[in-house]
Amino acid sequence: MGRISVSLDRYVLVDIDDIFVAKKGIRMTADDVMALLESQNRLQEMVPGWKFNLGFSGKYYKNGYPEENVGDMTLLEHVNDFWWFGHMWGHTQPHLLTQTDLEEQMELNKQFAISHNIPTDSGYGVAPHHSGVYPVHEPLYDAWKKVWNVRVTSSEEYPHLYPARLRRGFIHRNIMVLPRQTCGLFTHTVFIDKYPGGREVLDASIHGGELFQTIVFSPVSIFMTHLSNYGNDRLALYTFESIIKFVKCWTNLNLRTVPPLQLGEKYFHLFPEERDPIWGYPCADRRHLEIWAKEKTCEQLPKFLVIGPQKTGTTALYTFLAMHPAIVANYPSPETFEEVQFFNGKNYYKGIDWYMKFFPVPANSSSKFLFEKSATYFEGETVPQRVRALLPSVKLVITIIPPSKRAYSWYHHMRAHNDLTALQYNFHEVITATEKMPRQLRTLRNKCLIPGMYAKHIERWLDYFPASQLTIIDGEELRNDPVYIMNDLQKFLNIEPFYNYTEHLRYDKRKGFFCQVIEEDKTKCLGRGKGRVYAPMNESDAKLLKEYYQPYNIALEKLLTRLDYPVPGWLEDELQ
Ligand SMILES: Nc1ncnc2c1ncn2[C@@H]1O[C@H](COP(=O)(O)OS(=O)(=O)O)[C@@H](OP(=O)(O)O)[C@H]1O
């Protein structure tokens, strides 16, 4: 019998986000600061390492009534008793600023810190209203790195504010983003008799309710509070001392506090699977839209994707689609040419601003159908989940040809691209490579054979998308009768106006394929890399592959029938 074993350690960090930002009359006086220090001392007795983490916007220093300004000065007299982190100089939301403005704002705040002996090396930073952190505003990350060397931050917004228990962390460009929890105190929570719902609500949260459960169930809790929670009725002091006492009284948890950078490392050590972000669709969440730069629009995201697999005619499909006046293909990439290859591989970590740059900002957005094709999306294990998160209503186009033919075409593609392993080993050696063979050969074998296990990959896409969002095209038909396929595809994609491909595609005898009609007697065909000439596959390899793919082809036939597609003639042949 297994045993579920969870550590008893619970890390708690309390941020006081806007230590100088509050209206006159509700700020801290010198007495409040002394009370804060005394409370910190008591908390340290109960929680090893406890220190309040103070976020400052220098612009508002001494911005209150005279006795409140003395409070600000008292805080700085005790500067070394706290941890400190930079907010923005003027508390502006980062998504409203360019990188130059952001750097300028951060620099001002840093100069303020230096001139007031505030430490600047915590590696932690927080953005007002979580703006710029998620959805990611890249200039914020750039400026944070450059000015403050920020390596850890926190936000309530990833993947969404609600439900709080599903908040996660992620790492973007080496900056650790930790989930923040709420403790029930906000900027307006100033007096206990004005507490929303009354004192009982706060006490219930402490005595076994939401706040208690947050600490019990999250190994790491970062709470956000504000200056006004420490002046006035000092509700934050009451809240944290009470919750800590309650947790210590009723549980045997080990409470501790460590500085933010250590906390970040701890968090991702505990939750390594959260390191990789999953970029969500920003337009489904009103709060995300409010903290997304105004020039950004979801209309700049693709409406459909051609996902492959490779060598099934995807370039022909891409080219024919791009001929349509209402369809707009992605801009080419300097590294991967017509394919963006965002959802698989390293590009995903570049974030959605990077991805969106491949698409034009649509002038008359909704009438245009933006799309991209990346033929390796098809078999990528993480790709369907990622696509679903960012493009929940995207349509997906898959093309399939006999899997052994695909494998053979791919092998010749690799040779034509001077892949050393493909040049060194013949096709037979590649497809029969065992686990004892060199790693490069095994990798080549996998890339050659795995995409052809069509049913397995399509089922994975169907785990994330309804069948109505996906179409499977017979690549052999695309090759032999592209007009029919393109007409059908337009219907599936609901594209208007209808484009009559009969007039725009013509069979080119010299190429042996359909090509784009340029003039009455002139066509433009795909390049030499598409429709290569190579010796036919030898019979024994064909037989071997037929057997190899048989279970996958049986599954494919079932899948196609289940989804109401006709079974292609080549599939019936393969199954005989
Ligand atoms: N109209 C037209 N023109 C040229 N080629 C065509 C066309 N229709 C289908 N095909 C077949 O497409 C095969 C290449 O597939 P892909 O474009 O998917 O390859 S890639 O993954 O993008 O490299 C390519 O494979 P090879 O014949 O092995 O070169 C072609 O058989």
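The values are calculated or read from the model by the stated rules, or taken from the named source; none is laboratory data. This one's a predicted model, so the numbers in the text were calculated from it and none came from an experiment. Reconstructed Cβ throughout: ideal geometry from the backbone, glycine too, with neighbour counts over all protein chains shown. Keep in mind that these areas ignore ligands, DNA and RNA; they rest on the heavy atoms of the full protein, side chains included. Shrake-Rupley method; radii C 1.70, N 1.55, O 1.52, S 1.80 Å.
Adding -39500 (n - 2.57) for every DSSP H run of four residues or longer, then dividing by how many residues the chain holds, sets the calculated 222 nm ellipticity at -11000 deg cm²/dmol. Note that the range 377-387 has calculated 3J(HN,Hα) couplings of 4, 3, 9, x, 5, 8, 5, x, 5, 5, 5 Hz, one per residue in order, obtained from phi through the Karplus relation 6.51 cos²θ - 1.76 cosθ + 1.60 (θ = phi - 60°); glycine and proline are x. If a spin label sat at a point 7 angstrom from the Cα of Glu503 along the line to its beta carbon, the backbone N atoms of the range 304-336 nearer than 19 Å would be those of 320-327. Using the charge dipole of the range 9-274 (Lys, Arg: +1 at Cβ; Asp, Glu: -1 at Cβ; taken about the Cα centre), state which of Trp89, Val190, Gln262 has its Cα farthest towards the positive end. Farthest towards the positive end: Gln262. With Cα atoms as the point set, the radius of gyration and Dmax of the range 297-571 evaluate to 18.7, 57 Å.
Taking every protein chain into account, the 1.4 Å probe leaves Met414 with about 40 Å² of accessible area, to the nearest ten. Per-atom-type breakdown for the chain gives carbon and sulfur 52% of the accessible area (1.4 Å probe, protein chains only). Among Ser404, Ser540, the order of accessible area from largest down is Ser540, Ser404, computed with a 1.4 Å probe on protein heavy atoms.
Across the range 516-533, coupling constants 3J(HN,Hα) worked out from phi with the 6.51/-1.76/1.60 Karplus curve, θ = phi - 60°, read 7, 7, 9, 9, 2, 10, 9, 10, 10, 9, 5, x, 4, x, 10, x, 6, 9 Hz, and Gly and Pro carry x. Pairs of Cα atoms in the chain fall into 20 Å distance bins, from 0 up to the last occupied one, in shares of 18, 40, 27, 14, 1 percent. Computed from the Cβ-Cβ distance with R0 of 22 Å, the FRET efficiency linking Val79 to Asn149 stands at 0.65.
For the chain, the Cys residues with no second cysteine's beta carbon closer than 4.7 Å are Cys183, Cys249, Cys448.
For the range 196-272, a crude dipole built from +1 on the beta carbon of Lys and Arg and -1 on the beta carbon of Asp and Glu, taken about the Cα centre, is about 220 debye to the nearest 20. With r as the distance between the Cβ atoms of Glu210 and Ser393 and R0 = 56 Å, compute the FRET efficiency 1/(1 + (r/R0)^6) and round to 0.05. According to the calculation, E is roughly 0.95. Shape summary of the range 9-274, radius of gyration then Dmax from alpha carbon positions: 17.5, 51 Å.
What are the lysines whose alpha-carbon lies under 17 Å from the alpha-carbon of Lys303, with same-chain residues fewer than 8 places away excluded? Answer for Lys303, where 17 Å is the Cα cut-off: Lys357, Lys368, Lys373, Lys395, Lys491, listed by chain and number. Can you work out the FRET efficiency for the pair Leu37 and Lys357, with r the C-beta to C-beta distance and R0 = 51 Å, to the nearest 0.05? Result of the calculation: an efficiency of 0.55. Using the 1.4 Å probe convention, the accessible area of the range 252-316 works out to 44 Å² per residue with neighbouring protein chains retained. Among Thr100, Val383, His226, pick out the residue whose Cα is farthest towards the positive end of the charge dipole of the chain, where Lys and Arg carry +1 and Asp and Glu carry -1 on C-beta, about the Cα centre. Farthest towards the positive pole: Val383. Taking amide H as placed 1.01 Å from N in the peptide plane, the amide H of Tyr507 sits under 5 Å from that of Cys515, each at least 5 places away or on another chain. Projecting label points 7 angstrom from Cα along Cα→Cβ for Thr120 and Glu539 puts them 7.9 nm apart. For the range 280-355, a simple Cβ point-charge model (Lys and Arg +1, Asp and Glu -1, everything else neutral) yields a dipole of about 160 debye relative to the Cα centre.
Counting only alpha carbon atoms, the long axis of helix 539-562 and the longest principal axis of the chain meet at about 60°.
Gain on full extension, evaluated as 0.36 nm per residue between Tyr331 and Glu290 minus their Cα-Cα distance, stands at 11.9 nm. Phi angles of the range 323-340 translate, via the Karplus equation with coefficients 6.51, -1.76, 1.60 and θ = phi - 60°, into HN-Hα couplings of 5, 5, x, 9, 10, 10, 8, 5, 5, x, 9, x, 8, 10, 6, 6, 9, 7 Hz per residue; Gly and Pro are given as x. Of the GluC sites (Glu not before Pro) found in the range 299-371, those in coil by DSSP whose Cβ has at most 16 other Cβ atoms within 10 Å are Glu335. Among the trypsin sites (Lys or Arg not before Pro) found in the range 1-41, those both in a DSSP coil and sparsely packed, with 16 or fewer other Cβ atoms within 10 Å of their Cβ, are Arg3, Lys23, Lys24.
Counted residue by residue at 0.36 nm each, then reduced by the alpha carbon distance between them, the extension gain from Ile278 to Thr187 reaches 29.7 nm.
Computing Rg and the Kirkwood Rh from the Cα coordinates of the range 122-213 gives a ratio, Rg/Rh, of 1.07.
The trypsin sites (Lys or Arg not before Pro) of the range 475-528 meeting both criteria, a DSSP state outside H, G, I, E and B (loop) and at most 15 other C-beta atoms within 10 angstrom of the site's C-beta, are Lys509, Arg510, Lys511, Arg528.
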